[in-house]
Amino acid sequence: MTQWEKERRGILYFNEAADFFAERCRQIKQSFLRDFYGQCIESTRIDGLEMMENHTALNPFFRSASGFSGPDVMDFFRLSAIHHTICLLLERRKGIKKDVFFTAMAEIFALSRKERELAEVLWKIAWLDKNSFIRIFSAISTNVFSFCDISTFSVAFWQNFWYNAYSVLMEAFTLYVPFSVRLERGCMRDEQETA
């Protein structure tokens with residue numbers, strides 16, 4: 001299989017996974033959660049596609065494009081959701097409840113019992129020490145994708161990747177409407193829809 005064919009297959013997997021999760025996201029009743037996770041899904045799709053197009057030998061996505069399978073891509077979306085949710089909760093924004101986010105995340109991303117337990121453990125680690133969370137999450141990312149070499153470089157790659165992915169997600173999410181306004185409007189829309 002040529003590199004072009006591998007990339008085409010990877011693009012197909014990313015688009016199928018994003019469409020699958022987006023459909024599940026539309027079923028969530030609370031509008032703020034739909035908006036946040038909808039942005040998370042689209043940002044994750046773009047992150048994955050852009051990293052596959054980064055043709056550098058040190059990029060695990062590009063080096064391992066042939067190792068990507070549909071389940072690998074689904075795991076990537078799930079890890080992304082867990083990471084972004086925990087980072088958002090760490091910012092301790094008023095009006096955000098961890099259990100509400102974790103429930104929606106589990107529903108949208110079809111998290112297994114083990115994945116839900118992993119998210120809970122990672123949340124506890126993050127709450128105690130954000131730096132430990134970043135290191136552990138990056139090591140988990142390297143380990144989950146068995147086609148990546150587990151090395152200091154790959155852990156550093158994932159640390160950088162997740163930092164940038166969350167930063168870009170939040171920049172896009174709040175580019176035109178501040179976070180507090182989104183949250184307030186989301187709650188107001190929910191009240192109007194239930195009235």
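Failed condition for Ala22, given (1) in contact with a Gly (Cβ under 7 Å, 6 or more places away or on another chain); (2) modelled with pLDDT under 95; (3) surrounded by fewer than 17 Cβ atoms within 10 Å (Cβ to Cβ), with all others met? Against the list (1) in contact with a Gly (Cβ under 7 Å, 6 or more places away or on another chain); (2) modelled with pLDDT under 95; (3) surrounded by fewer than 17 Cβ atoms within 10 Å (Cβ to Cβ), Ala22 comes up short only on (2). Filtered by the rule that a residue be assigned to a loop (DSSP other than H, G, I, E, B) and at pLDDT below 60, the range 56-78 gives Thr56, Ala57, Leu58, Ser64. Taking the range 108-138 as the search range and keeping residues that are open to solvent by less than 90 Å² (accessible area, probe 1.4 Å) and in contact (Cβ under 8 Å) with a residue 40 or more places away in the chain, which one is farthest from Phe76 (Cα to Cα)? Only one residue fits best here, namely Ala126.
Pairs under 7 Å by beta carbon, first residue farther than 12 Å from Met51 by Cβ and assigned to a helix (DSSP H, G or I) in the range 155-168, partner of a type in the set (A, V, I, L, M) and modelled with pLDDT under 90, six or more apart or different chains? What qualifies is Val155/Ala139. Being among the hydrophobic types (A, V, I, L, M, F, W, C), at pLDDT 95 or above and either in contact with a Leu (Cβ under 8 Å, 6 or more places away or on another chain) or surrounded by 13 or more Cβ atoms within 10 Å (Cβ to Cβ) (or both) is the requirement here; does Ala104 meet it? Here the answer is yes, as Ala104 does meet what is asked.
The values are calculated or read from the model by the stated rules, or taken from the named source; none is laboratory data. Bear in mind the structure is a predicted one, so any value in this text is a computation, not a measurement. Quick reminder, even Gly has a Cβ in these numbers, built from the backbone with ideal geometry, and neighbours come from all protein chains shown. Ligands, DNA and RNA are stripped out before the accessible areas are found, and what is left, the full protein with its side chains, is counted by its heavy atoms. Shrake-Rupley method; radii C 1.70, N 1.55, O 1.52, S 1.80 Å.
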